[in-house]
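Bear in mind that the values in this text are calculations on the coordinates, not laboratory data. Values in this document were obtained by computation on a predicted structure and should not be read as measured data. Every residue, glycine among them, receives a Cβ derived from its backbone with ideal geometry; neighbour counts consider all protein chains shown.
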């Protein structure tokens, strides 16, 4: 029977805040920059404890990225913070030219990503950011699943040489990653071992996939569940090892079908092992205002959507 120890409930942006606070204590080269959203990004503690290493840029995201790139020349490790829409879409040119092209050691930390931003609506609910960032040479892309893993990822990326896009969110979700778990960039976590279907998920969809696995278990379906917290570099070995066993896969993400985790997995399978794949993702549409859970249900990225995709892909495999 599938059981996970739950360590409470908290938002992933708070994991970023605690991770940054811890980095402030142990790494004097870490600096924080924020575009007028210090409270929303949970950067308050770092700001309070390190006032000489925190820079409030205001609503000037392009300037923030340019400043961060410049700081790396002096050996600093800048962590920039704002909403995911403003972290990517508003400043794509600056990221491409000043950070990725130059391979600068900037950590682009983005909160309030995807539909679960909720009531702020479509203008803020970016669903294209993973694709935008993963297509940039030199850029690592990380989407942790819960509070603990976001904290661990925040600490880990400080030791990674080169630009990183770290994506997290606002809604309160269950914490199921152990507080002392090691976070390794590019190394997926196999949460469940199974034989009938592989489910590969990232971000908030990892918990939804855990819920789906429990429902599928009740129907006699054995699920192998992979938390693919690093979209780039992608753990191709974990994908191929799992899919060689189950012969089918579902990808689940809070992102557009185009450009996201599912597309990256499909490229691996096309080149190495052709098996049926189903996608749980937003299908070529903008969002709207609503509660996070209402929106996940309406736009087809909830627990029951993962269940349905798994049953469908198993039927395709057996056809």
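Among 235, 159, 44, the residue with the largest mean-square fluctuation in a Gaussian network model of the chain, with springs joining Cα atoms closer than 10 Å, is 159.
Pull up the DSSP beta bridges for the chain and report the antiparallel fraction as a percent, rounded to 5.
On the way: 8 of 42 bridges.
Within the chain, antiparallel bridges account for around 20 percent of the total.
Across the chain, the relative contact order, built from alpha-carbon pairs under 8 Å that are at least six residues apart, equals 18 percent. GNM on the chain, alpha-carbon springs under 10 angstrom: the most fluctuating residue among 230, 297, 177 is 297.
Per residue, the average separation of C-alpha pairs within less than 8 Å and at least 6 apart gives region 31-75 a relative contact order of 45 percent. Each Cα pair under 8 Å and six or more residues apart adds its sequence gap; the mean of these over the residue count of region 9-174 is a relative contact order of 31 percent. Our Cα-only numbers for region 1-57 put the radius of gyration and Dmax at 14.2, 51 Å. Once the Cα atoms are used to define both axes, helix 236-246 deviates from the longest principal axis of the chain by about 20 degrees. To the nearest ten degrees, helix 61-73 and the longest principal axis of the Cα atoms of the chain are 80 degrees apart.
Using the Cα atoms as the points, what is the convex hull volume per residue of region 66-133 in Å³?
Per-residue hull volume (Cα only) is 72 Å³.
Between residue 319 and residue 5, the simple label model (points 7 Å from Cα in the Cβ direction) yields a spacing of 4.3 nm.
For a footprinting-style exposure proxy, rank 18, 61, 3, 254 by other Cβ within 10 Å, fewest first. Let's see the in-between values first.
Numbers: 18 19, 61 24, 3 6, 254 30.
By the 10 Å Cβ count, ascending, the order reads 3, 18, 61, 254.
Only bridges with both residues in region 177-268 count here: give the DSSP antiparallel percent, nearest 5. Intermediate results must be reported in sequence, preceding the final value.
Details: 3 of 12 bridges.
For region 177-268, the DSSP antiparallel bridge percentage is about 25.
Comparing 170, 96, 271 in a Gaussian network model of the chain, where Cα atoms under 10 Å apart are tied by springs, the biggest mean-square fluctuation is seen for 271.
Hey, what number do you get for the chain at 222 nm if only DSSP H runs of n ≥ 4 count, each worth -39500 (n - 2.57), divided across all residues, to the nearest 500? Rounded to the nearest 500, the figure is -11000 deg cm²/dmol. What the Cβ-Cβ distance of residue 219 and residue 59 gives, at R0 = 51 Å and to the nearest 0.05, is a FRET efficiency of 0.55.
Report the percentage of all Cα-Cα pairs in region 9-174 whose separation exceeds 23 Å, rounded to a whole percent.
When every Cα pair of region 9-174 is considered, 28 percent fall beyond 23 Å.
I'd like the projected area of region 189-318, averaged over all directions, using the convex hull of its alpha carbons. Report it in nm² with one decimal.
Working: hull surface 29.2 nm².
Orientation-averaged projected area of the Cα hull: 7.3 nm².
The stretch between residue 193 and residue 26, if pulled fully straight at 0.36 nm per residue, gains 56.4 nm over its current Cα-Cα span. Against the main long axis of the alpha-carbon atoms of the chain, helix 261-272 sits at an angle near 60°.
Between region 218-249 and region 17-58, the C-alpha centres lie 36 angstrom from each other.
Legend: calculated FRET efficiency, residue 73 to residue 237, from the Cβ-Cβ distance at R0 = 45 Å, rounded to 0.05, equals 0.80.
Once fully extended, how much extra length lies between residue 45 and residue 284, figured as 0.36 nm per residue of separation less the alpha-carbon to alpha-carbon distance? Let's see the in-between values first.
Details: separation 239, 0.36 × 239 = 86.04 nm, distance 3.82 nm.
Stretched fully, the residue 45-residue 284 segment lengthens by 82.2 nm.
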